[in-house]
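A.B. asks: Take a look at the following structure, please.
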Amino acid sequence: MNDRAKAAPTPAGSLNSDPALGADMRTAIERFLIEYARCLDEDRLEAWPDFFLADACYQVLSRENVEHGLPAPIIYHYSRGMIEDRVTSLRDALTYEPVYTRHMVSNVYVVGVEAGVYRVTSNYAVYHTTVEGRTDLYSVGRYDDAIVVRDGQLKFKTRTVIADTFAIKNNMALPL
């Protein structure tokens with residue numbers, strides 16, 4: 001049996017079926033992830049940092065690096081301030097091909113909860129559509145998140161994007 005099969009919880013023993021987690025919290029987490037995707041898809045980049053704690057970490061890693069234990073991220077922001085700086089540079093400094101994005105989030109799974117930190121994994125696919133109308137699959141992978149409740153709102157403590165598609169056709173300007 002491989003390590004992945006050993007690590008996977010059985011459905012009967014999963015937190016997603018555990019009434020102690022609560023359907024309301026599962027629903028709130030799913031809605032939070034959907035709102036994150038909508039924020040990016042609707043080009044509301046100025047609201048993107050609001051999904052994160054002040055000392056949050058947002059990073060994008062390649063699946064290949066993760067599987068080989070190589071921690072070098074493609075993108076690494078270790079505070080909400082850095083995320084805000086990214087938005088400023090996207091709006092005012094960087095030059096990149098304008099695209100419309102569409103984030104698909106699926107298979108949301110609460111892996112565990114400890115000391116108020118919800119460990120959540122989900123799959124994503126991000127499509128880019130050019131102003132000419134050409135649509136391409138831009139990136140596919142998974143999100144590994146640590147989510148907390150602060151002042152009645154869910155926030156990312158960490159958002160780690162693990163991209164299956166390491167070879168990106170153009171620069172990674174917009175957030176995943």
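A.B. asks: With respect to Ala37, determine if the residue is aliphatic (A, V, I, L, M) and in contact with a Cys (Cβ under 9 Å, 6 or more places away or on another chain). Explain how you work it out, then say what you get.
C.D. replies: Working: aliphatic (A, V, I, L, M): yes; in contact with a Cys (Cβ under 9 Å, 6 or more places away or on another chain): no.
Spelling it out, it is not the case that Ala37 is aliphatic (A, V, I, L, M) and in contact with a Cys (Cβ under 9 Å, 6 or more places away or on another chain).
A.B. asks: With respect to Arg150, determine if the residue is of a type outside the set (A, V, I, L, M) and within 18 Å of Cys39 (Cβ to Cβ). Walk me through it before giving the result.
C.D. replies: On the way: of a type outside the set (A, V, I, L, M): yes; within 18 Å of Cys39 (Cβ to Cβ): yes.
Taking the combined requirement at face value, the residue satisfies it.
A.B. asks: Would you tally the residues in the stretch 100-124 being over 13 Å from Leu33 (Cα atoms), surrounded by 12 or more Cβ atoms within 10 Å (Cβ to Cβ) and among the aliphatic types (A, V, I, L, M)?
C.D. replies: Qualifying residue count for the region: 3.
A.B. asks: Moving to a separate point now. Can you find a residue that is in contact with a helix residue (DSSP H, G or I) (Cβ under 7 Å, 6 or more places away or on another chain), in a helix (DSSP H, G or I) and in contact (Cβ under 8 Å) with a residue 24 or more places away in the chain anywhere in the stretch 98-108? Working first, answer last.
C.D. replies: Applying the first criterion (in contact with a helix residue (DSSP H, G or I) (Cβ under 7 Å, 6 or more places away or on another chain)) to the stretch 98-108 yields 101-103, 105, 108.
Filter once more, keeping what is in a helix (DSSP H, G or I): none.
No.
A.B. asks: In addition: Which of the residues that make up the stretch 11-42 are modelled with pLDDT of 95 or more and not in a helix (DSSP H, G or I)?
C.D. replies: Glu42 - this is the single residue of the stretch 11-42 that is modelled with pLDDT of 95 or more and not in a helix (DSSP H, G or I).
A.B. asks: Among what's in the stretch 54-82 and is of a type in the set (A, V, I, L, M, F, W, C) and in a strand (DSSP E or B), pick the residue that is farthest from Thr160 (Cα to Cα). Give the steps one after another, and end with the answer.
C.D. replies: Narrowing the stretch 54-82 to residues of a type in the set (A, V, I, L, M, F, W, C): 54, 56-57, 60-61, 66, 70, 72, 74-75, 82.
Now restrict to residues that are in a strand (DSSP E or B): 54, 56-57, 60-61, 75.
Numbers: Ala54: 16, Ala56: 11, Cys57: 8, Val60: 6, Leu61: 7, Ile75: 10 Å.
So, considering only residues that are of a type in the set (A, V, I, L, M, F, W, C) and in a strand (DSSP E or B), the one farthest from Thr160 (Cα to Cα) is Ala54.
A.B. asks: In addition: Please give the number of the condition Thr95 fails out of (1) in a loop (DSSP other than H, G, I, E, B); (2) within 18 Å of the chain's Cα centre (by Cα); (3) of a type outside the set (Asp, Glu).
C.D. replies: Thr95 satisfies all of (1) in a loop (DSSP other than H, G, I, E, B); (2) within 18 Å of the chain's Cα centre (by Cα); (3) of a type outside the set (Asp, Glu) except (2).
A.B. asks: Right, next: When the stretch 116-166 is examined, which residues are found to be of a type in the set (Ser, Thr, Tyr), in contact (Cβ under 8 Å) with a residue 40 or more places away in the chain and touching a Ser or Thr at 6+ places or on another chain (Cβ under 6 Å)?
C.D. replies: Taking the stretch 116-166 as the starting set, the residues that turn out to be of a type in the set (Ser, Thr, Tyr) are 118, 121-122, 124, 127, 129-130, 135, 138-139, 143, 158, 160, 165.
Subset that is in contact (Cβ under 8 Å) with a residue 40 or more places away in the chain: 118, 122, 124, 143, 158, 160.
Tyr143, the sole residue that qualifies.
A.B. asks: Which residue out of Val140, Val108, Val131, Val149 is in contact with a Leu (Cβ under 9 Å, 6 or more places away or on another chain), at negative phi and of a type in the set (Val, Ile, Thr)? Outline the logic, then answer.
C.D. replies: On the way: Val140 fails: in contact with a Leu (Cβ under 9 Å, 6 or more places away or on another chain); Val131 fails: in contact with a Leu (Cβ under 9 Å, 6 or more places away or on another chain); Val149 fails: in contact with a Leu (Cβ under 9 Å, 6 or more places away or on another chain).
Among Val140, Val108, Val131, Val149, only Val108 is in contact with a Leu (Cβ under 9 Å, 6 or more places away or on another chain), at negative phi and of a type in the set (Val, Ile, Thr).
A.B. asks: Identify, please: which residue in the stretch 127-167 is surrounded by 14 or more Cβ atoms within 10 Å (Cβ to Cβ) and in a loop (DSSP other than H, G, I, E, B) and is, among those, modelled with the highest pLDDT?
C.D. replies: Asp164
The values are calculated or read from the model by the stated rules, or taken from the named source; none is laboratory data. Just so it is clear, the model here is predicted, and its values are computed rather than measured. For neighbour counting, all protein chains shown are included, and Cβ atoms are generated from backbone atoms with ideal geometry for every residue, glycine included.
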